[in-house]
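Heads up, the thing below is written out as C-alpha cells.
The values are calculated or read from the model by the stated rules, or taken from the named source; none is laboratory data. The structure displayed is predicted, hence computed values, not measured ones. Glycine also receives a Cβ, built like all others from the backbone with ideal geometry; neighbour counts cover every protein chain displayed.
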2 protein chains.
Amino acid sequence: MTTSAAPRRPRADDGRMGAMDVRAPRSPRAGTRASVVRRHNLGALLECLHLDGAASRSQLGSVTGLNRSTVADLVQELAERGLVVEDGLSPSSGPGRPSPVVHVRPSAAVALAVELGVDSAAAAAIGLGGHVHDQVRVELPRGSSPQETVRLVAELAASLGVAPADPRVTGVGVAVPGLTRRVDGFVHLAPNLGWKGVGLGSMLADALGVPTERVHVGNEADLGALGEHRRGAGRGYEHLVFVSGEVGIGAGLVIEGRPMLGAAGYAGEAGHMLVNPKGRQCTCGAFGCWETEAGEAALLRAAGVRGARGVAAVDAVVEKVTAGDESAAAAVAEIGHWLGVGVGNLVNLLNPEVVVLGGIFQPLFPCVEEPMLSAVRARSLAEVSELVSVVPSDLGTSAQLHGAAEMVLATVLADPCSR
Amino acid sequence: MTTSAAPRRPRADDGRMGAMDVRAPRSPRAGTRASVVRRHNLGALLECLHLDGAASRSQLGSVTGLNRSTVADLVQELAERGLVVEDGLSPSSGPGRPSPVVHVRPSAAVALAVELGVDSAAAAAIGLGGHVHDQVRVELPRGSSPQETVRLVAELAASLGVAPADPRVTGVGVAVPGLTRRVDGFVHLAPNLGWKGVGLGSMLADALGVPTERVHVGNEADLGALGEHRRGAGRGYEHLVFVSGEVGIGAGLVIEGRPMLGAAGYAGEAGHMLVNPKGRQCTCGAFGCWETEAGEAALLRAAGVRGARGVAAVDAVVEKVTAGDESAAAAVAEIGHWLGVGVGNLVNLLNPEVVVLGGIFQPLFPCVEEPMLSAVRARSLAEVSELVSVVPSDLGTSAQLHGAAEMVLATVLADPCSR
C-alpha cells in the first residue's frame, strides 16, 4: 500500500451484506449467486492492486475483509487469468509466515487512452496499475475537422506499439473538451473545437477497427477528475472538484467517491458560471463567464504574451513573472482573483475536501496561489473554506489520459472474468 | 401508485445480487444473511407503500421484483408489526384473483418535524405515508436566542397531541437555516438567526425528554430538497436542485436519487455565489452574493414593501404587480433576472433534471418566471438548459417539514424490525 492519505479502498462485496466467503457453488441457484459475489470479490481484489500497488495476501485480507483462504483462492484465479502474478515474499510484518507479494500484470489489460485538446492531441497505452506503456502527443491545428482529427488519432494509436484490436486492449477511452454522451460516444457540442453533433465514437471505432462498444468518450474535465482521484492529487478523498484550465474552463466532480456526471452527463460546465457581469463576451454568447475572465486567452492577453499557446505560453508568463515583470505579475494576480472567485463558488456549493487545479493552472499555481486563495476565502463561508485544500494537479497534462484509461479499465475491474 | 412521472421505486435488495426470495433461515450462518436481506426487503416494501401509496400485493410484487409468496410473507410481517394493514380488494387488473390492498398505518410511526425559520417556527406530527396528523406555525421574534427558540419548540411540540417520548414517535427532525452537523445536531453557523456554535440537538433532546440520538438536525434547504424529492415537485426525478428562498437563499441537492450533503454536510451554500460584483454587501462580508441580489430583502426593498416579512410580504408584492404597479413589476423582474443568473449557474454545474423553487419563490413564481427563464437561457448552455424544468415548489411552506419527517422516518424504512 503506497498512499499516505487514507485511500479509498474497495471493499469486497457491499457493506450491507458483509463480506462473503464464497468458494464453490453448491447448486445451480446458489451457483448463480455465488458467481456474482465471486466476480465482485475478484474485482475488488484486483482494484486494490490496481490502485494501491503490490500487496501481500495478508494485506489484501485486511483491506478487503476476506479471510485468508478466500484471498488465496481469489488470487489464484486472478493469476490463472493472467491478471496478477505472485513473486517474492513480503517482509514479515507481524506474526505468521511471510506471504508472497501479489501485483498486477500491466500488460494483461491495456487501455488505449486519447485526449483531444484544442491545440494538441495525445494518446497513450496504459495498463493495469496505471502503467504507461507508451505515450505520444502532437500538435493539432486549431479548427481541425472531426475527420482530420480521427485520422490523426489513428496514426497516434498506430505509433503506440499495441494494435487497438489486440485482445489485451480492453478498449479505447477518449477525453473531449465538450458535452459528450458516454453510451455511444456522441459529441453534442465542443465549442472550442468548433464541433457540434459529431458521432465520434463510431468514427473512431471504424478508424481503429474495433467494435463501437469498446470506444468510450467522456468529457475531459470529468476524466481529469477521475484521473486525479484515482492516481493523482485527489487520492484518498471522497469529495473532489477538478478544475481543468485550457482554452475553456471545465470542472469534474467526484462525490462520495464516485464521478458525478449529471442527469445527461453534462455536469461540470463551470466555465460558464457568471463571475463578472462587466466582463467580456464568451463564445457561449453570455458575458463575464468564468473562462472568459480566468481562462487561457484572458491570461495571455493580460500578460502580453503573443504567438504561443497552451503550456508553452503559460511557461512564458511564469518566466515573465519570475523575472520581475510587474505588469505580468499584476495580470496574473487578476487571473488568480477570478480563478478564486469561481473556486469559492464551487466550494460553497459542493463542500469538497479538495479542489485540484489542472491544465494551465498547474504550472501557474505558484504565481496565482495567493490572490486565488484570498478570493476563495472572501467568497466562501469560513466554516466551509477552512475545510478544503486547493492544490495543483499531480498528473499535469496526463490527468485526462489516466482518467480515460480508468474509464476503460473499469470494465475489467467490474468483472475480471469478462475477458 | 399515484405518480404520473416515472417514480423512483425502491428495489428489493440491490440490482447486483438480484432480488432474493428468502423466507426462513436454515442455518445460523444463513440466518444472519437471510435476516439482513429480509430486513432490507421489508424496508423496500414499506418504502413503496410510504412513498407511492396503497397497492395490491401483485402491484408490490411487480414493483419490487419479489415473487407472490415472498410478498405475502413480508406483508404479513409488516402487518404483525402494526406498520401496514390490508383491507378491501383491488379491482382486478389482469388475470388471477384480485388481491387485498395494502396500505401503511400513518400512526404506526410518527416523526416530530420542526422548522426554524428566521421569522417563524413550525412543528408537525407526520406519520408513515407522509400523513400530517397535526401542524402548527407561530411567529418567531427575530434574534431569538437558542434557549428561547428551544422553549418555543417544546411548547409547539406539546400542542401537537403526541408526546415526543411516545413509542410511536420515531424521532424529532429539525430544519435549520444554517450549517449543521447531522451526527449530533450541532449548528456551526446560522447567520440569519445570529447563531454560532449551538448544540441544538442536545438542547432539544433535553427539552423534549428524548434521547439525543433521536433528534436529527439538518439544513433547511437540504430538507426542503428531500421533501420535494419524495413528496413534492421533485417526485420521480433523480437529479434535483431545490432553491430555498427565505431571508437567505440556500440550495439542496439530490444527485442520482440521493441527498448530496458534501464532505462535512455543508453543500448547497449557493446563496453566497457571486452573481454581481457591483452588488450590495452580504451578511457574509462579501459583495453581490446571490441572496443579496435575489433574496427577500432585495425583493421587498426594490418593490417598496415595508413592515411585512416572509410569505405575507411576498403576497403584498404579488398584489402590487397584479394590480399593475409598474415600478413593482420592474423590481420583481430585476429579482427574477438575478434569480435566473444563479439558477443558470447551478444548471451548468450540476445538469439537473429539475430545479424546484421554494420559499418566497413559490408564490413569486408567476411574476418572475419570464425574466428568470430568460436569464437561465442566457447563462446556461442550450444543450443543458433545454433538458431542465424549472418549477415552483409543490409543498410550499411544508417542504422542510416533510423533509425533516422523511429524515426521521428513514430509520424505520431502513429497518422496520428496529422498532
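Would you check if there is a residue in the stretch B:327-341 being in contact with an Asp or Glu (Cβ under 6 Å, 6 or more places away or on another chain) and within 14 Å of chain A (Cβ to nearest Cβ)? Yes; the residues of the stretch B:327-341 include at least one that is in contact with an Asp or Glu (Cβ under 6 Å, 6 or more places away or on another chain) and within 14 Å of chain A (Cβ to nearest Cβ).
Residues that are modelled with pLDDT of 95 or more, of a type in the set (Ser, Thr, Tyr) and farther than 17 Å from residue A:249 by Cβ within the stretch A:355-410 comprise A:374, A:389, A:398, listed in sequence order. Report, ordered by the first and then the second residue, all pairs with beta carbons closer than 8 Å, sequence separation of six or more or different chains, a first member in the stretch B:300-328 that is under 20 Å from residue B:118 (Cβ atoms), and a second member that is acidic (Asp, Glu) and in a helix (DSSP H, G or I). Hits for this filter: B:302/B:334; B:309/B:296; B:310/B:296; B:313/B:296; B:314/B:296.
Could you say whether any residue in the stretch B:216-233 is surrounded by fewer than 24 Cβ atoms within 10 Å (Cβ to Cβ) and either within 14 Å of chain A (Cβ to nearest Cβ) or under 19 Å from residue B:145 (Cβ atoms) (or both)? Scanning the stretch B:216-233 turns up no residue that is surrounded by fewer than 24 Cβ atoms within 10 Å (Cβ to Cβ) and either within 14 Å of chain A (Cβ to nearest Cβ) or under 19 Å from residue B:145 (Cβ atoms) (or both). Note on the stretch A:367-387: residues that are part of a helix (DSSP H, G or I) and either surrounded by fewer than 22 Cβ atoms within 10 Å (Cβ to Cβ) or charged (D, E, K, R) (or both) total 11. Take the conditions crowded, with 20+ Cβ neighbours inside 10 Å, within 14 Å of another protein chain (Cβ to nearest Cβ) and of a type outside the set (Gly, Ala, Ser) and apply them to residue A:364. Does it pass? When the stated conditions are applied, residue A:364 does not pass them.
With the requirement that a residue be touching a Phe, Trp or Tyr at 6+ places or on another chain (Cβ under 9 Å) and under 20 Å from residue B:322 (Cβ atoms), what does the stretch B:351-370 give you? Give the steps one after another, and end with the answer.
Residues of the stretch B:351-370 touching a Phe, Trp or Tyr at 6+ places or on another chain (Cβ under 9 Å): B:351-358, B:368.
Residues satisfying the conditions are B:357, B:368.
Within the stretch B:40-61, the set of residues being within 26 Å of residue B:227 (Cα to Cα), among the polar types (S, T, N, Q) and in a helix (DSSP H, G or I) comprises B:41, B:59.
Please verify whether residue A:362 is in contact with a Pro (Cβ under 6 Å, 6 or more places away or on another chain), assigned to a helix (DSSP H, G or I) and closer than 30 Å to residue A:133 by Cα, treating the condition exactly as stated. So residue A:362 passes the test. crowded, with 19+ Cβ neighbours inside 10 Å, of a type in the set (A, V, I, L, M), closer than 22 Å to residue B:189 by Cα and touching an Asp or Glu at 6+ places or on another chain (Cβ under 7 Å): does that describe residue B:175? Answer is yes for this residue. Exactly one residue out of B:395, B:387, B:349 is touching a Leu at 6+ places or on another chain (Cβ under 9 Å) and within 14 Å of chain A (Cβ to nearest Cβ), and it is B:349. If you check residue B:170 against the conditions, is it surrounded by 14 or more Cβ atoms within 10 Å (Cβ to Cβ), assigned to a strand (DSSP E or B), of a type in the set (S, T, N, Q) and modelled with pLDDT of 95 or more? Criteria met by residue B:170.
Any idea how many residues of the stretch B:388-407 are in a helix (DSSP H, G or I) and buried (at least 23 other Cβ atoms within 10 Å of the Cβ)? Count: 10. Is it true that some residue in the stretch A:177-200 is in a helix (DSSP H, G or I) and either aliphatic (A, V, I, L, M) or over 23 Å from residue A:270 (Cα atoms) (or both)? Within the stretch A:177-200 (the criterion being in a helix (DSSP H, G or I) and either aliphatic (A, V, I, L, M) or over 23 Å from residue A:270 (Cα atoms) (or both)), the answer is yes, since at least one residue qualifies. Selection over the stretch B:246-282 of residues that are more than 8 Å from chain A (Cβ to nearest Cβ), touching a residue at least 24 places away in the same chain (Cβ under 8 Å) and farther than 20 Å from residue A:351 by Cα gives a count of 2.
Apart from one condition, residue B:381 fits all of (1) touching a His at 6+ places or on another chain (Cβ under 8 Å); (2) among the aliphatic types (A, V, I, L, M); (3) assigned by TED's automatic domain parsing to the domain that holds residue B:215; the exception is (3). Within the stretch A:371-419, the residues that satisfy the criterion of being charged (D, E, K, R) and touching a Gly at 6+ places or on another chain (Cβ under 7 Å) are A:379, A:394, A:406, A:415.
Among the residues of the stretch A:68-85, those identified as charged (D, E, K, R) and assigned to a helix (DSSP H, G or I) are A:68, A:73, A:77, A:80.
Under the condition of being touching a Ser or Thr at 6+ places or on another chain (Cβ under 8 Å) and surrounded by fewer than 16 Cβ atoms within 10 Å (Cβ to Cβ), which residue from the stretch B:34-85 is nearest to residue B:128 (Cα to Cα)? Taking the candidates together, the pick is B:53.
Residue count for the stretch A:139-165, restricted to those that are surrounded by 14 or more Cβ atoms within 10 Å (Cβ to Cβ) and part of a loop (DSSP other than H, G, I, E, B): 6. With respect to being at negative phi, at pLDDT 95 or above, surrounded by fewer than 22 Cβ atoms within 10 Å (Cβ to Cβ) and outside the structural domain of residue A:341 (by TED's automatic domain parsing), residue A:210 fits the description.
Per the listing A:132, A:243, the residue uniquely assigned to a strand (DSSP E or B) and in contact with a Phe, Trp or Tyr (Cβ under 7 Å, 6 or more places away or on another chain) is A:243. Identify the residue in the stretch B:283-295 that is touching a residue at least 40 places away in the same chain (Cβ under 8 Å) and of a type outside the set (Asp, Glu) and, among all such residues, is nearest to residue B:333 (Cα to Cα). Only one residue tops the list, namely B:294.
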